[in-house]
Amino acid sequence: MLRLRRRFAIFIVLGSALVLASCNYFQTLSPPDDKAITSEIQAKLFEDPVLKTRDIRVASEKGVVVLTGTVATDLEKSAAERCAGQAKGVKQVSNQLTVAPATQAAAPAPAGEAAAPTPAAPETQAPAERPKTARRSERAVPAPAAHEAPEPAEAPSAPAAAAAPAPPQQPAPPQPEHVTIPAGTVITVRMIDSIDSSRNRPGEEFAATVDAPIVVDDRIVIRRGADARVRLVESRSAGRMTGQSELQVELVGLAIGGQTYAAESAVVQKAGASRGKRTAATVGGGAALGTLIGAIAGKGKGAAIGAAVGAGAGTAVQASTKGQQVQIPAETKLDFTLKAPLTVTM
């Protein structure tokens, strides 16, 4: 009897070990999560104080990561590739970054300011003419006789006073112009704050910036770098056995020319992997391995005991883990489509 108990205890230990090994095996066979790879690489790039200021775009297809965009040096290009290669699940990195050093050039003065003449000061010409007028008056007027009273000196002539140029007229201030961004326009923003399905709640707003300029009739209406606000509409977190994590966000505000405008956009959804299929695979895999062990040890009766132990161990392993959560890390680019036209004042 004691020997049977020891043998049963050994079977339980071996069954738990094989269940854990089967979990790792199934995870190895599963295809890489491209969304998770992209998010992890973007997070790593944002942690670098230099790379986070560069225009680096990350795309992943079955574990093959493609880097595009612009950096300033070859060292930055190599550093970006190294960050991408360190992400979990990356099989290959295709570095297509372009090295384009930034140059600083002095901005030319506006044409209107360069061509504007400098007005002369009103007093610079009048004092120079007054002594000449006085001397001409002294030569023209004869000396008074002894019995005649001297006449008063002539006042400066009117043309001399009028010779000073009039100050230039100030141009009229430009009239405000209203420009309408039509519905259906796609506005790409880059997140500044991160969003997590495990801690953030619907109604919270997050900071972002416009990543690409918006042009209407060959005129830039919204410049790149303008402030934007993103609101969390829906946040669902996966449970321990079933469920799927999900985030739904929308664009609600844009800052243009020092004024904030309310925007109405379609919802952008980010969802994680479903929890139910993975739970069934783990519990079923544990039961199958337990059956195999029991069959080897004790034939029919051992197979039944092994199946029960393996299924219980698989359920315990799955219940001890948490469902996959969804995150929108900082520096993530999101494309929002306007549902209604947006009129701004230029």
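Bear in mind that the values in this text are calculations on the coordinates, not laboratory data. The structure displayed is predicted, hence computed values, not measured ones. Cβ sites come from the backbone with ideal geometry, for glycine too, and all protein chains shown count toward neighbours.
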With the crude spin-label approximation of a point 7 Å out along Cα→Cβ, what separation in nm comes out for D193 versus R82? 3.4 nm
Residue by residue through the range 210-225, the couplings from Karplus 6.51 cos²θ - 1.76 cosθ + 1.60 with θ = phi - 60°, in Hz, x for Gly and Pro, are 6, 8, 9, x, 9, 10, 10, 6, 6, 10, 6, 8, 10, 7, 5, x
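Among the listed pairs K44/K339; K88/K333; K77/K270, give every one whose C-alpha distance is greater than 25 Å. The partial results should precede the final answer.
Values: K44/K339 34 Å; K88/K333 21 Å; K77/K270 29 Å.
In this structure, K44/K339; K77/K270 exceed 25 Å between Cα atoms.
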Karplus couplings for the range 40-54 from phi (6.51 cos²θ - 1.76 cosθ + 1.60, θ = phi - 60°), rounded to Hz, Gly and Pro as x? 5, 5, 4, 5, 5, 5, 6, 6, 7, x, 9, 5, 5, 8, 9
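Grab the Cα-Cα distance for R236 and A166, subtract it from 0.36 nm times how many residues apart they are, and report the gain in nm with one decimal.
Working: separation 70, 0.36 × 70 = 25.20 nm, distance 7.19 nm.
Once the chain is fully extended between R236 and A166, it gains 18.0 nm.
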Check I222: other-chain or 5+ apart residues with amide H under 5 Å from its amide H, H built from backbone geometry? I214
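Give me the number: length gained by fully extending R6 to Q96, i.e. 0.36 nm times residue separation minus the C-alpha to C-alpha distance, one decimal in nm.
On the way: separation 90, 0.36 × 90 = 32.40 nm, distance 6.07 nm.
Gain in length upon complete extension: 26.3 nm.
Please work out the FRET efficiency for the pair V179 and A17, using the Cβ-Cβ distance as r and a Förster radius of 56 Å; give the result to the nearest 0.05.
Working: r = 68 Å, r/R0 = 1.21.
So the FRET efficiency works out to roughly 0.25.
How long is the gain from Q325 to Q259 if the chain were fully straight, where each residue apart is worth 0.36 nm and the alpha carbon distance is subtracted?
Working: separation 66, 0.36 × 66 = 23.76 nm, distance 3.61 nm.
20.2 nm is the gain from fully extending Q325 to Q259.
If you count the DSSP beta bridges with both ends in the range 54-104, what percent of them are antiparallel, to the nearest 5? Walk me through the numbers on the way to the answer.
Details: 7 of 13 bridges.
Roughly 55 percent of the DSSP beta bridges within the range 54-104 come out antiparallel.
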Here, D218 and K62, labelled 7 Å along Cα→Cβ, have an inter-label distance in nm of 4.5 nm
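Say R0 is 45 Å: what FRET efficiency, to the nearest 0.05, do V267 and T73 get from their beta-carbon distance?
Values: r = 40 Å, r/R0 = 0.88.
For R0 = 45 Å, the calculated efficiency reads 0.70.
What ranking do 67-76, 198-207 get when scored by the average of other Cβ atoms within 10 Å per residue, highest first? Display every interim value, and only then the final one.
Working: 67-76: 15.5, 198-207: 13.2.
Going from most to least packed, we get 67-76, 198-207.
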Using θ = phi - 60° and the Karplus form 6.51 cos²θ - 1.76 cosθ + 1.60, what ³J(HN,Hα) does each residue of the range 55-72 get, whole Hz, x for Gly and Pro? 8, 10, 10, 10, 9, 10, 9, 6, x, 8, 9, 10, 9, 10, x, 9, 10, 8
